[in-house]
Every structure is written in C-alpha cells, then in structure tokens.
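Q: Next up is a structure, given as structure tokens.
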Amino acid sequence: MSIVSQIKPLITKELKTLYQQEFEESNLTVSTTKPEFDGDYTLVLFSFVKQLKKSPEQLGNEIGDALIKSNPEIFTAYNVIKGFLNLTIADSYWLNFLQANYNNHQFGSKPANAQKVIVEYSSPNTNKPIHLGHLRNNFLGWSVAQILKESGYETVKTCIVNDRGIHICKSMIAWQQFANGATPQSTNTKGDHFVGDYYVKFNDEYKKQVEELIKGGMKKEDAEKEAPIMKGTQQMLVEWENGKPDVIDLWKKMNGWVYEGFDVTYKRIGSDFAKMYYESETYLPGKKFVEEGLKQGVFFKKEDGSVWIDLTAEGLDEKLVLRKDGTSVYITQDLGLAQEKYDDFKYDESIYVIADEQNYHMKVLKLILQKLSKPYADGINHLSYGMVELPSGRMKSREGTVVDADEMIEEMVNVAKNKTEELGKVKDFSQDELIELYDTIALGALKFFLLRVDPKKRMIFNPEESIDFHGFTGPFVQYTHARIKSILRKEQGTKDLPTGQAGKAQVGNSLLQLEKDLIISLEQYPTAIEQAATEHNPSVVAIYVFNIAKLFNSFYTEHSVMNAESEEKKHLRLKLSEMTANVISSGMKLLGIRVPERM
RNA sequence: GGCCCGGUAGUUCAAUGGAUAGAAUAGGAGUUUCCUAAACUCUAGAUACAAGUUCGAUUCUUGUCCGGGCUACCA
C-alpha cells in the first residue's frame, strides 16, 4: 500500500478525535512537498479552515502534533507554512521499504482482478504502408494493453484489417494497368510498399485523367466521376462483391504481398495480436443489427429503403445505418464487429485505439449499441489519440507525404549506430550484439518519443530534426539503466540493511537528501502505473521513468556507490541502485521498450 | 453555419482547484586524477485575450480571437 494511502486514514482519524467531525479521505489533498520546503509529504489545510473555524496555523500544529504522537514510527517532524502542513516521514520507514522491495520484480504489478479487457489497435489499411501515425497507434495500443495487464486485467489484443472497399480496388487497378506483371520479388520491394506505390500511382493517373477531361470542356465534378480509371475501379468493386474469380484472385494476391510486408514491420516493432479480424469477413454480419433495430423500433426506414437512426435527442444527427441498395456502411460493419468480438471474448471493457477524427463515429457506435440494449455497450471505450502531423500539415498516403515507418526505423538505427561507434564503449560486442543494441536504442527512442505525449494531444513531428537521444528521451533512460548495471556488475550480492534505531546509526545519521528523494520516487511507481491504467495513458509511465532516471543521474554524480563513506552506505546505495534499475526496466517494458545492460 | 477538441518559455512537452507554473531542447557559463560525460551543475526565458466563481484558477464557467477535427448512402 502506498505511503499516501496509509497517511490519509491516519489524518482522518486524527481529525475525528481532535474535532469530532468526519472527513472523507477523498477530500484530503496530500502531495509531495515542494523541494524548497522541509518535509516529504504535504497536507493542504485550507479546506478545513472554514468548516472548523480555526486558523491554518493552529490546525496544522494540532494535526501535526497528534500525528507524531500517535504514529512515531511514520512521522518524525512537521512544520506549518501558510496553509500547508509539511510532514517528514521517518528514515526507518523508507529503509524498511527499500529493504522489502529492492529486489521485488513484481513491484507495481497487481494481482488478477477477474476483469477482461479487449484492446483493438493498429487496424491497418491494406494499401497503405505503415507510417508514423500508425506507429503512434501501435505503440499506444500495445502499451495500454501491457499497463492494464500489469494492473491485473486479463487483456486480449485484436486488430481489424481494412482489406476491402473502393480504395483497395484503386491499387489493384493501377497494378493491372501499369505493373506489367511486376511483383515484390521481381522488383525486390517490401510487399506493403510495393502495393502502396500503386495506390499513389492510381492517384497520379486519376488526377491526370481528370485534368484532361476538364481541358476537354468537362466540369470538374463530372470529370471526377467520368475519369476512366475511376469508372474501372467502381466496376471492379462491384465485381469483387459479386465474387468474380479473377478479381478475387488478384485481391488475394495483392493483400498477400501486403501482409508479408506488415509481418516484418509488426515483428520489428513488437506488435502482436490474439486475433485478427478482416473487414472482408465482418462487413456483412452487421446487417442483422439492422433487422433487430427495426424490430425494436430503434431504427426507422425511409421511403427509398435506406435505414436510419435518429440521435437528435442526444444532440447528434440522424445517422444512416444501411444504404438504400441494402449494402452496409462503416457503422454497420462496426456494429457487427462489436458483437463478434463479444461472442469471441465476453469482455468487460472494449478499448478502441482510433484517431480522434473518429470521435463522432465512436460516440454514435456506442450510443446505438446502448439503444439496442447490448450488455457490452457500456464497456465500449474509445482511446482517442491526436494525429501525428508534419510541419506542413497532415500526412496523406494518397499524396505520398508520409513518414514511412520502415524508413524511420532504419534512420534511427543509423543514428544509434553512428553514436555508439563514436563513443566506442562496446567495442568488444559481437556483430549480433551490436545489431541488437542498435535496434534497442532506435526503437526505444522512437517509442518513447511517441508515447511520452498525452495521447489525446496531437503532435507535430519535424523530419528535418531527427529524434534526439538526449534529455527527455528513451536512450537517456536506457543509458541510466546501463550505468546502474555497470555498478551492479562490480558487486555480487548485497547485505541486508540494518533496520530499527540501532541500525539507523550504522547507515549514517540519516538519509541524504538525494537518497531519500530517490526512495520516495521509487515508492511512487505503483501509483504511476495505477494512474496510467485508469487514464489509459502511457505518457504517465514515460514521464515517471524519465524523472527517476534523471534523479538517479543527479544522485550518481553527487554520491559514489562503490566508494561510499561506509560499508553500510555502500550497501544502501547498491540497493537503491538495484531497485532503480528494476523500476526503470519494468517501466520501460510497459512502454514496449527494452533496456540494455551496456551501451 | 452547427458540434467536438486544443492554445503554457524560441521549440517539443508537464502541472488530482493549492506554495515562487515544472522538464527537455535550442542560447549563455561551467564540471572528467574518482562507479559509463548518451551524464551533471549554474544561468536566462511562458499560462492567447477579457470577465466571472473561489481564501486560492494553467486547471472550473461565459465571451472574444487563433488552430485542428467532424458535420459522406467513403472507410
């Protein structure tokens, strides 16, 4: 149990005995004391002032006295400044904590809570190679699932592959017209890039044809409809839906190339899924919902045969759920998929990692399922994240203005390689070890960069400035870990810390400020995970892990571990170092980032 | 037009309604007989604007200005 959650009941208890009044623990504000004041944790007193009709100073003194008197093993001192009661926690408390947890690899993880949560993420489109925006999605989804798992949830990762539709036909028709039978093998191109190139080619050709038609005197809107390549694409979609064998074959062949390419990238970035769903298989079942909704009177049919839901009472619009020709739209498919996922996994909560441009869509999806009284409707949760933009604006696959994931990773690997060689600290590494190290650093930098920001905020990435390896970055944290490991390699095994009053003298008169800061910070790790889990926000972990690395580096510069003032101090610091390394390692793992032993 | 987000140092990001708004980078000045200088220390620099609620507002409310998204019988 965290120190804060131990302190709060003690305070409410004292308040009750002192003033005969009940206070909710949730109304107490207890936070770490600002560095410029004495103390470890601070209670804000203002909220009681009115209710108890006493001055903050008097209140602070009375509460402080009472706390120390009844809990001398926890509180050793206090001071009141303005409306703040600063409490000092006993060194022995911190030492006991360190002794109990320095080697605890489960620190921060919670026992199973019998809740199942399903995380749908990645969800690629089979004619677009993975770009930086998709990476944010992949890293977020993976990390949130991992954080929830650490918090005791059973987690299931899934993926819906957008493998059908008019856009897919675009790359198919471009391949037919321009490829002359070329394949990824014949051109030595990664499959997803190969297909993506034809998607871009389609758009180039389409633009050209439209311009020609306009030059020939046609209106723009008409030209866009009449361009031969577009008409061919629409024809192809009809043929696909009718199951025309050679279209289906081509579709399978090209999707196959894409999946081969995706597999390589997924493996590299560590994305994995318990189950893949394919839209080509889920786009029909949603129609059952339409009948069901009509029967329940949740949906209504217009004269032309199209089916709608009226959400104006909820402040939204009327929304189409089935076209007049009876074919399903995006939301119809999602209704079907939600049901299918529930049938498969019986989840308590279903998280969708989808960009914020779909906020409205997801709101509608949840609302419809609620109106249909689906048991899983309330558990639907949209993890909405902001787009990754370039300084010039949004990335567009169609226009080829994207930061390609594979290229980005390669670039980061090169930076890692150059820097490592320049520093020359691992000259004895084998080729395999070097490759693994470059990969660890490169992906660490990339993942940290994308995860350190609050998901819901959009972020701008400037390709001109490659991702830094200094400061608030993955490599900084990794470096700190390597540094600690280097110390730990020098000393095998540590002695137990002396506890109690007698032992306190042996460790030194008291903990030094940086030692204590580090322990306090380590103690907060489970709280950070908890916050990250409830908020579905990995940046909480990233920020935490960075702060503790930074703190350790200050400590490291200021105090020697191996040449400590005494044997006891040395072992105290070894434990402090070991626990810091463990917490860094497990925190980074929650972000999907490995930490090296040396770098 | 309507609806939904966002606006914090030059830049990229923090801050359960609480103390003098934190970091990182870029800028300036330093640190290596001693555990990894991918580090550390010091320095300078910001809440778009205006009201309101409050003992206290970056945080809550309203308005203005700016940016983005959605508002498809596309997905």
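Q: Can we say A:GLU224 is out of contact with any Gly (no Cβ under 6 Å at 6 or more places or on another chain) and over 30 Å from A:LEU284 (Cα atoms)? Step through it out loud before you land on a result.
A: Details: out of contact with any Gly (no Cβ under 6 Å at 6 or more places or on another chain): yes; over 30 Å from A:LEU284 (Cα atoms): no.
Criteria not met by A:GLU224.
Q: Looking only at the range A:374-408, which residues are free of Cβ contacts under 8 Å to residues at least 24 places away in the same chain and at positive phi?
A: A:GLY393, the sole residue that qualifies.
Q: Please enumerate the residues belonging to the range A:15-38 that are more than 34 Å from the chain's Cα centre (by Cα) and of a type outside the set (Asp, Glu). Show your work before the answer.
A: Taking the range A:15-38 first, the residues more than 34 Å from the chain's Cα centre (by Cα) are A:15-23, A:37-38.
Result: A:LEU15, A:LYS16, A:THR17, A:LEU18, A:TYR19, A:GLN20, A:GLN21, A:PHE23, A:PHE37.
Q: Does A:GLY64 count as surrounded by fewer than 19 Cβ atoms within 10 Å (Cβ to Cβ) and more than 18 Å from A:SER521 (Cβ to Cβ)? Write out each step before concluding.
A: Values: surrounded by fewer than 19 Cβ atoms within 10 Å (Cβ to Cβ): no; more than 18 Å from A:SER521 (Cβ to Cβ): yes.
Against the criterion (surrounded by fewer than 19 Cβ atoms within 10 Å (Cβ to Cβ) and more than 18 Å from A:SER521 (Cβ to Cβ)), A:GLY64 does not qualify.
Q: Another one. Which ones in the range A:7-45 are outside any helix (DSSP H, G or I) and among the small types (Gly, Ala, Ser)? Working first, answer last.
A: Filtering the range A:7-45 down to residues outside any helix (DSSP H, G or I) leaves A:20-24, A:28-45.
Of everything in the range A:7-45, those that are outside any helix (DSSP H, G or I) and among the small types (Gly, Ala, Ser) turn out to be A:SER31, A:GLY39.
Q: Taking into account only those residues within the range A:466-477 that are near RNA strand B (Cβ under 8 Å from one of its atoms) and assigned to a loop (DSSP other than H, G, I, E, B), which is modelled with the lowest pLDDT? Working first, answer last.
A: At the first step, the residues of the range A:466-477 found to be near RNA strand B (Cβ under 8 Å from one of its atoms) are A:468-473, A:475-476.
Next, only the ones that are assigned to a loop (DSSP other than H, G, I, E, B) stay: A:468-473.
Working: A:ASP468: 89, A:PHE469: 94, A:HIS470: 94, A:GLY471: 94, A:PHE472: 95, A:THR473: 95.
The selected residue is A:ASP468.
Q: Further question on the same structure: So for the range A:139-154 (the condition being part of a helix (DSSP H, G or I), under 30 Å from A:TYR342 (Cα atoms), among the acidic types (Asp, Glu) and out of contact with any Cys (no Cβ under 9 Å at 6 or more places or on another chain)), does at least one residue qualify?
A: Step one: of the range A:139-154, the residues part of a helix (DSSP H, G or I) are A:139-150.
Add one more test, that the residue is under 30 Å from A:TYR342 (Cα atoms), and what stays is A:139-150.
Okay, now just the ones that are also among the acidic types (Asp, Glu), so A:150.
Restricting the remaining residues to those that are out of contact with any Cys (no Cβ under 9 Å at 6 or more places or on another chain) gives A:150.
Checked the range A:139-154: at least one residue is part of a helix (DSSP H, G or I), under 30 Å from A:TYR342 (Cα atoms), among the acidic types (Asp, Glu) and out of contact with any Cys (no Cβ under 9 Å at 6 or more places or on another chain).
Q: Quick one: which helices (runs of 4 or more DSSP H) sit completely within the range A:188-262 and have at least 2 residues that are in contact (Cβ under 8 Å) with a residue 40 or more places away in the chain?
A: Details: elements: A:191-215, A:220-226, A:228-241.
Helices (runs of 4 or more DSSP H) meeting the threshold: A:191-215, A:228-241.
Q: How many residues are more than 7 Å from RNA strand B (Cβ to nearest atom), loosely packed, with under 15 Cβ neighbours inside 10 Å and among the charged types (D, E, K, R) if we restrict to the range A:420-465?
A: 9
Q: From A:ALA542, A:ALA564, which residue is within 13 Å of RNA strand B (Cβ to nearest atom) and either outside any helix (DSSP H, G or I) or in contact with a Cys (Cβ under 9 Å, 6 or more places away or on another chain) (or both)? Quick ask: steps written out before the conclusion?
A: Numbers: A:ALA542 fails: either outside any helix (DSSP H, G or I) or in contact with a Cys (Cβ under 9 Å, 6 or more places away or on another chain) (or both).
Sole residue among the options that is within 13 Å of RNA strand B (Cβ to nearest atom) and either outside any helix (DSSP H, G or I) or in contact with a Cys (Cβ under 9 Å, 6 or more places away or on another chain) (or both): A:ALA564.
Q: Could I ask something else about it? Give the residues of the range A:498-525 that are among the hydrophobic types (A, V, I, L, M, F, W, C), more than 18 Å from A:GLY39 (Cβ to Cβ) and modelled with pLDDT of 65 or more, sorted by residue number.
A: Filtering the range A:498-525 down to residues among the hydrophobic types (A, V, I, L, M, F, W, C) leaves A:502, A:505, A:507, A:511-512, A:514, A:518-520, A:522.
When the remaining residues are screened for being more than 18 Å from A:GLY39 (Cβ to Cβ), the result is A:502, A:505, A:507, A:522.
Hit for the range A:498-525 is A:LEU522, nothing else.
Q: Any residue at all in the range A:548-566 that is within 24 Å of the chain's Cα centre (by Cα) and surrounded by 21 or more Cβ atoms within 10 Å (Cβ to Cβ)?
A: For the range A:548-566, residues within 24 Å of the chain's Cα centre (by Cα) and surrounded by 21 or more Cβ atoms within 10 Å (Cβ to Cβ): present.
Q: Moving on. Could you list all residues from the range A:361-372 that are touching a residue at least 12 places away in the same chain (Cβ under 8 Å) and either out of contact with any Lys or Arg (no Cβ under 6 Å at 6 or more places or on another chain) or on the phi > 0 side of the Ramachandran plot (or both)?
A: A:HIS361, A:MET362, A:LYS363, A:LEU365, A:LYS366, A:LEU367, A:ILE368, A:LEU369, A:LYS371, A:LEU372
Q: For the range A:368-379, state whether one or more residues are assigned to a helix (DSSP H, G or I), within 28 Å of the chain's Cα centre (by Cα) and surrounded by fewer than 17 Cβ atoms within 10 Å (Cβ to Cβ). Walk me through how you get there before you give the answer.
A: Filtering the range A:368-379 down to residues assigned to a helix (DSSP H, G or I) leaves A:368-371, A:377-379.
The next check asks that each one be within 28 Å of the chain's Cα centre (by Cα); those that pass are A:368-370, A:377-379.
With surrounded by fewer than 17 Cβ atoms within 10 Å (Cβ to Cβ) added as a condition, the list becomes A:370, A:378.
Yes, because at least one residue in the range A:368-379 is assigned to a helix (DSSP H, G or I), within 28 Å of the chain's Cα centre (by Cα) and surrounded by fewer than 17 Cβ atoms within 10 Å (Cβ to Cβ).
Q: Within the range A:316-336, track down each residue that is outside any helix (DSSP H, G or I), near RNA strand B (Cβ under 8 Å from one of its atoms) and closer than 11 Å to A:GLY286 by Cβ.
A: Hits for the range A:316-336 are A:THR327, A:SER328, A:VAL329.
Q: Give me the helices (runs of 4 or more DSSP H) completely within the range A:46-107, filtered to those with at least 3 residues that are more than 12 Å from RNA strand B (Cβ to nearest atom) and free of Cβ contacts under 8 Å to residues at least 60 places away in the same chain, ordered by residue number. Quick ask: steps written out before the conclusion?
A: On the way: elements: A:46-52, A:56-70, A:91-101.
Fully inside the range A:46-107 and qualifying: A:56-70.
The values are calculated or read from the model by the stated rules, or taken from the named source; none is laboratory data. None of these values were measured; they are calculated from a predicted model. Cβ sites come from the backbone with ideal geometry, for glycine too, and all protein chains shown count toward neighbours.
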